[in-house]
Amino acid sequence: MNIVKRAIILAAGKGTRLQPVSLTTPKPLINVNGKRMIETIIDALYENDIYEIYIVVGYLKSEFKVLLDKYDNITFIENPYFDTCNNISSLYVARNYLEDAIILDGDQIIYNPNILKKEFIRSGYNCIWCEGETDEWLLELENNIIKRCSRIGGKHGWQLYSISRWSKNDAKKLKNHLEIEFEIHKNHKIYWDDIVLFCYFNEYQLGIMQMEENDIIEIDDFEQLINLDPSYIGGK
């Protein structure tokens, strides 16, 4: 059994699809029904006794200092590439903290803290079973191990969410692969997940942690934000 010792929250992006709110507030700091999105993540981590937290910041980075008034044990890691690179750059700058880590995007709302439990059998992703059609990344399993991933979605598969856990051995491989792709191949436009699910897929034996649909919400655009919190009607 592996145990999560630290968390890495990726929060450097611009969140352009949540404009106009994200013009002045980083997406993870946007309030939804009275609570910042990233605070639902930090609170859930605390409930699972995960206190060593690294937040990768870039866009409007100084705004994140507000979290220090409420939480201890938070370390900020600056991503100087956030404006020109995809999120591979955010995990690249945090690559020294990957061992026994849980990696999350900062723009999710966690409703069920149990989905962040720190015990895990093998490295892999939190997923929800998707019976119908989806255009999100969809995983297919064999003997509880991820055998293929579709970037264009599909149906009857496990929808990938931006929560993953990494054992010490897999984290060492991931760190090496991040350095190869970012430093040598200059592959700056991919998602970091492309590394383990496509670029070096055969070098990992990844599993999943099952969630239910109402455990978590990823807010993709301003319309979805309004549906969750009508106070934003009118672009406030």
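The values are calculated or read from the model by the stated rules, or taken from the named source; none is laboratory data. For clarity, every value in this text was computed on a predicted model and none was experimentally measured. Positions of Cβ are backbone-derived with ideal geometry, glycine not excepted, and every protein chain shown enters the neighbour counts. These area figures cover heavy atoms from the full protein model, side chains too; ligands, DNA and RNA do not enter into them. Shrake-Rupley method; radii C 1.70, N 1.55, O 1.52, S 1.80 Å.
Which of the strands (runs of 3 or more DSSP E) found entirely inside region 76-130 contain at least 1 residues meeting this: surrounded by fewer than 18 Cβ atoms within 10 Å (Cβ to Cβ), touching a helix residue (DSSP H, G or I) at 6+ places or on another chain (Cβ under 6 Å) and modelled with pLDDT under 95?
Fully inside region 76-130 and qualifying: nothing.
Which is farther than 30 Å from Y81 by Cα, charged (D, E, K, R) and in contact with a Gly (Cβ under 9 Å, 6 or more places away or on another chain), of D215, D229?
D229
Would you mind finding the one in Y46, Y54, Y71 that is part of a strand (DSSP E or B) and of a type in the set (S, T, Y)?
Step by step, each of Y46, Y54, Y71 is checked, and only Y54 is part of a strand (DSSP E or B) and of a type in the set (S, T, Y).
For region 61-99, what are the residues that are more than 15 Å from the chain's Cα centre (by Cα), among the basic types (K, R) and over 14 Å from A11 (Cβ atoms)?
K70
Restricting the search to region 1-39, which residues are in contact (Cβ under 8 Å) with a residue 40 or more places away in the chain, β-branched (V, I, T) and open to solvent by 20 Å² or more (accessible area, probe 1.4 Å)?
I3
Would you point out which residue out of L29, L23 is out of contact with any strand residue (DSSP E or B) (no Cβ under 6 Å at 6 or more places or on another chain) and on the phi < 0 side of the Ramachandran plot?
Result of the check over L29, L23: L23.
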